[in-house]
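Below: one structure, written as structure tokens.
The values are calculated or read from the model by the stated rules, or taken from the named source; none is laboratory data. Because the structure is predicted, anything quoted here is derived from the model rather than measured. When we count neighbours, we look across all protein chains shown, and the Cβ atoms used for this are built from the backbone with ideal geometry, even at glycine.
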Amino acid sequence: MSVVRLFSPGEPVAVLCLGAHADDLEIGAGGTILTWIASRALLDVHWCVASASGARREEAQASAQAFLAGAANATTALGSFTDAYLPYDGGEVKRWVEAQKPRMRPDIVLTHWSGDAHQDHRLISELAWNVFRDSLILEYEIPKWDGDLGRPNVYQPIEETILARKIALLDQHFASQRTKDWFDPEIFRGLARLRGLECRARFAEAFHVRKLVLG
């Protein structure tokens, strides 16, 4: 197993975060974002959630502010597309994703795994590859009832204190999800422990990478 450093000290890095729903980014890559922000002073983050309406919009905005606190520069874009209907609004969703391009030319894009069982997640992943094909795209995973977890090939070790903060922020900001059987601290911690085992760390988040250019 090789360890590759994505960043050089003092080098500004632009990160685009794409999620279908409020809480997707936090569950799939929240520990990674917190780790990067804690270790870098020049992280520029644009946080985009396609389906965030009503109370879910307020949750998404507050959570983004909490997770991105400490970033050198952080902006958000919240769409109002209907949960579970993104593929049927595909043209409008693509225009919304395209509209994020003027904000930055991302070095890294965090988005859903292309093999995710949720149709909204798959569409956002497809559009990320369509619109931001020149960036390094890391596809995160979301545990769910469908049992669709795959075999990721890139890992970000995270400290136990970072994992605890991620879980605490999820619980704090997503009251609408607390009754869901998948929204469980034990699930989040258990998956992080499993991915940590796979990369010889205590805890980690894992990603799928389809294409990587060595420079």
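Give me the residue from the range 190-209 that is out of contact with any Phe, Trp or Tyr (no Cβ under 8 Å at 6 or more places or on another chain) and charged (D, E, K, R) and, out of that set, surrounded by the most Cβ atoms within 10 Å (Cβ to Cβ). The qualifying residue surrounded by the most Cβ atoms within 10 Å (Cβ to Cβ) is Arg202.
Checked against (1) under 18 Å from Ala84 (Cβ atoms); (2) in contact with a Phe, Trp or Tyr (Cβ under 8 Å, 6 or more places away or on another chain); (3) modelled with pLDDT of 95 or more, Leu123 passes all but condition (2).
Let's see how each residue does on (1) buried (at least 18 other Cβ atoms within 10 Å of the Cβ); (2) touching a Ser or Thr at 6+ places or on another chain (Cβ under 9 Å):
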position	(1), (2)
Gln119	no, no
Leu123	yes, no
Trp129	no, yes
Ser135	yes, no
Tyr140	yes, yes
Lys144	no, no
Asn153	no, no
Ile158	yes, yes
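Among the numbered conditions (1) surrounded by fewer than 14 Cβ atoms within 10 Å (Cβ to Cβ); (2) more than 21 Å from Arg210 (Cβ to Cβ), the only one that Pro87 does not meet is (2).
Quick grid of which residues meet (1) free of Cβ contacts under 8 Å to residues at least 60 places away in the same chain; (2) in a strand (DSSP E or B):
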{"position": "Ala77", "(1), (2)": "yes, yes"}
{"position": "Pro87", "(1), (2)": "yes, no"}
{"position": "Pro102", "(1), (2)": "yes, no"}
{"position": "Asp116", "(1), (2)": "yes, no"}
{"position": "Ile124", "(1), (2)": "no, no"}
{"position": "Glu139", "(1), (2)": "no, yes"}
{"position": "Lys144", "(1), (2)": "yes, no"}
{"position": "Ile167", "(1), (2)": "yes, no"}
